[in-house]
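Values quoted throughout were computed directly from the atomic coordinates according to the rules given, and no laboratory measurement underlies them. None of the values given here were measured: they were computed from a predicted structure. Virtual Cβ from ideal backbone geometry, glycine too; neighbours counted across all protein chains shown.
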Amino acid sequence: MTDTLQPETSPVTRTLPRGHITADVLKDAGITFVIALLLFGSIVGLRTDTVNGVLVLIPQFGKALALATAVAVGRLLLDVFIWRRMTDGRTFASLIPSALPVLKVAGAVGVTFGLALYSIPGFRASLVAGAGSGHPALGAITDLITFACESTFLVIAAMSIVRAARLVIGQTPDEAVGQGILRRFTADFGREFPIALLLIALALPMLTAGPSQRYAIDTATQILIYVMLGWGLNIVVGLAGLLDLGYVAFYAVGAYTYALISTQFGWSFWVCLPLAGFFAALWGITLGFPVLRLRGDYLAIVTMAFGEIIRIVLLNWQSLTGGPNGINRIPKLTFFGLPFERTGDGTFASVFGLKFDPLHRMVFLYYVILALALLTNFITLRLRRLPIGRAWEALREDEIACRSVGINTVTTKLTAFAIGAMFGGFAGSFFAARQGFISPESFTFMESALVLAIVVLGGLGSQLGVVIAAVILIGSAERFRDLEDFRMLIFGLSMVLVMIWRPRGLMSGRTPSAFLNARKNISGSFVKEGRG
Amino acid sequence: MKPLLTVRGVETYYGAIRALKGVDIDVFEGEIVTMIGSNGAGKTTLMNTVCGDPRARSGRIVFDGRDITAMPTHEIMRLSIAQSPEGRRIFPRMTVYENLLMGALLGPGDDASIKEDLATVFGLFPVLERRQGQRGGTLSGGEQQMLAIGRALMGRPKLLLLDEPSLGLAPLIVRQIFSVIRDLNRTQGLTVFLVEQNAFHALKLAHRGYVMVNGQITMSGPAAELLARDDIKAAYLEGGVHA
């Protein structure tokens, strides 16, 4: 190709002497490094502390060196990519045209290898030793970096597996394969990323080990509850366009259904689960009827009131719900009849000949909520392709047009409320079975707002967006727990920033529910409607 | 000729305001009937009343031998009335193809007939076929109007209600759309009730016409006769011929 078509820029770049152009940049970075080292060396490198009442000096030169390196690298990157301080306005990349592909591959391999290394707890511990013991904010930041590195590595690994599997069965990405390793890797992102996420979710209990395992699985379970709630609410808000600020009411109905039935009648979780969904759906319809004529802000206010009514009833109906004391000793989930107990016959551990480990129960809970969430997703995706799902979306778009194509808007709205509420009820009964104790405190307006935030942040109607938003919002709230109230500040700030950068949510594209010829994704930039 | 739509003494209110003051119209099978009138005369209100939203407070509306005065909107539409509402009202975030599928909800619904109807619509408006994977909201105004009519036709209507299809469109596009309506009427015998402000084009297209002023029918008759009348020319055509 190169012997027939000479790139226009190559003669120019080839004839220019290399080296002295980057020398400026390198010199600049070097000076920055020295200054930073001087500053950090005195402030961070020599730390004074009192040990047993005696003032001691703790040298931390490694940390100072790391910080100075970070500053210098940052300066270098700014020079090259932002300020473009090249002698004649050319970019860094144009200086090394022949080496670029090699550099890119090396970079990709380096990043992956680095992430992998960083994901090994021992290695990481030596790298960030001491950092976590300082201010909680510092600990939270290193935690966050750890989390980001680990998850990036996991995603890259899982996507590689998916791609490899597709190549083995003879499928190639059908979108045009671009230039460059990153673009080639993400060529079929929309299809491969969800599968990669699913692989990670399935393998998660195996991926974690050691003391952090319990915490990781517990956090993941928490996140999945919100993913499920987000998917349920996505039917109401994302697909049908009915702004519901009282979704937590259905979550509460589901939770109390399981709690009451299991404590009063001793029915098992698997019997109560459909009942919880049924009752929540019934309440969804009950809420749906009075709000049929309402839209937008008015609907939001009434649904919010509905959520509060349910909570206040739970709080005051002492004889049934125990009021503010809640319901205690809710039977825990069993492995299809086999309890996760330390002692006794017929427990999960004894039947399978295992040593008792509280982890068994947690892993089982994790897989139960994963299965429930996937069921929610599966049903939603199926419904979207059926006339009812398309009617929901049409309802979101234009109610009058809906009527003019013969859609019964009453039943359409009610089914959206009912099915959305049903999944909320499922999640609620799981929540009750997991906690073993519920009280009205768990079902405040904040919860509704959080679930709605997940749906909006993810992008209305996007299933994948809900997952990403739930991981970010719930995951970061967990990670930043040390920061106490400040995390709400960060939470709010990040929401504002995301809404400025991506006003339609993280995943703003909409996949059409039907295709005539070729499947085609519509990018988010076409989301805004142009009239006329 | 058999009357397809009969409206007798219909009165419609918006709160205390009487928007329609006893309207009588007939639409016979195979006809194109137009209703002209100025802004706020009640044309759109009449069309919406036929569809049951808002509901007539008094009077009777009969379609194809059935009294539809008190029927819910979606059931009226399922009697094979298709409406292309004012302002087009396509589904902006859904693709052209999905929009057309929404229209097919009123039709027989099996894959074969949907395919057949799609081919018909794409034959009438070839631009829709080229744009079938595109979001409705990204179409131009004329294309959106074509989509709105196409969506209405997907339900194999006996009666097509068109509310101001010329609204905000270039004269060339208006002519194109009107010629499609004429063809549909001639080749397939489709009955059309057309509400228009563009009186000249509407009367040129239609067999018969009604003139509405302040919620009442003030004139009716064959379209050609109405077009020739001086008072109509003065009131709606302002003496000149609109392109």
Using the scaling law 2.2 N^0.38 Å as the reference, what is the normalised Cα Rg of the protein assembly as shown?
1.21
Counting pairs of alpha carbon atoms under 8 Å apart in space and at least six apart in sequence, what relative contact order in percent does chain B give?
27 percent
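Listed highest first by mean packing, meaning other Cβ atoms within 10 Å per residue, what order do B:141-151, A:149-159 come in?
So the peptides B:141-151, A:149-159, ranked by packing, come out B:141-151, A:149-159.
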Before rounding to the nearest 500, sum -39500 (n - 2.57) across all DSSP H runs of length at least 4 in the protein assembly as shown and divide by the residue total; then give [θ] at 222 nm in deg cm²/dmol.
-17500 deg cm²/dmol
With viscosity set to 1.306 mPa s and temperature to 10 °C, compute the Stokes-Einstein D of segment B:153-217, Rh being the Kirkwood radius across alpha carbon pairs; µm²/s, no decimals.
125 µm²/s
The answer for A:F335, listing residues at least 5 apart or on another chain whose modeled amide H is closer than 5 Å to its amide H, is A:F340
Could you rank the peptides A:304-313, A:243-252 by their average count of other C-beta atoms within 10 Å per residue, with the highest value first?
A:243-252, A:304-313
Output field shielding_mean for B:81-89 (other chain Cβ, 10 Å radius) holds 4
Of B:N48, B:N214, B:N99, which is the most mobile in a GNM of chain B whose springs link Cα atoms less than 10 angstrom apart?
B:N214
Enter the mean number of other protein chain beta carbons within 10 Å of the beta carbon of each residue in B:94-101, as an integer.
6
Peptide B:162-169, shielding by other chains (average Cβ, 10 Å cutoff)
1
Along segment B:100-113, Karplus-curve 3J(HN,Hα) (6.51, -1.76, 1.60; θ = phi - 60°) to the nearest Hz, with x for Gly and Pro, reads 5, 4, 4, x, 5, 4, 7, x, x, x, 7, 4, 5, 6
Sequence order, segment B:16-21: Karplus ³J(HN,Hα) from phi using 6.51 cos²θ - 1.76 cosθ + 1.60, θ = phi - 60°, Hz rounded, Gly and Pro as x, gives 8, 8, 8, 7, 10, 10
Using θ = phi - 60° and the Karplus relation 6.51 cos²θ - 1.76 cosθ + 1.60, list the HN-Hα couplings for segment A:404-417 in order, rounded to whole Hz, with x at every Gly or Pro.
6, 9, x, 7, 7, 5, 5, 5, 4, 5, 5, 5, 4, 4
Under-5 Å amide H pairs with B:T95, H placed in peptide plane, nonlocal only
B:G136
Under 5 Å, built H, 5+ apart or other chain: amide partners of B:I68:
B:I61, B:V62, B:F63
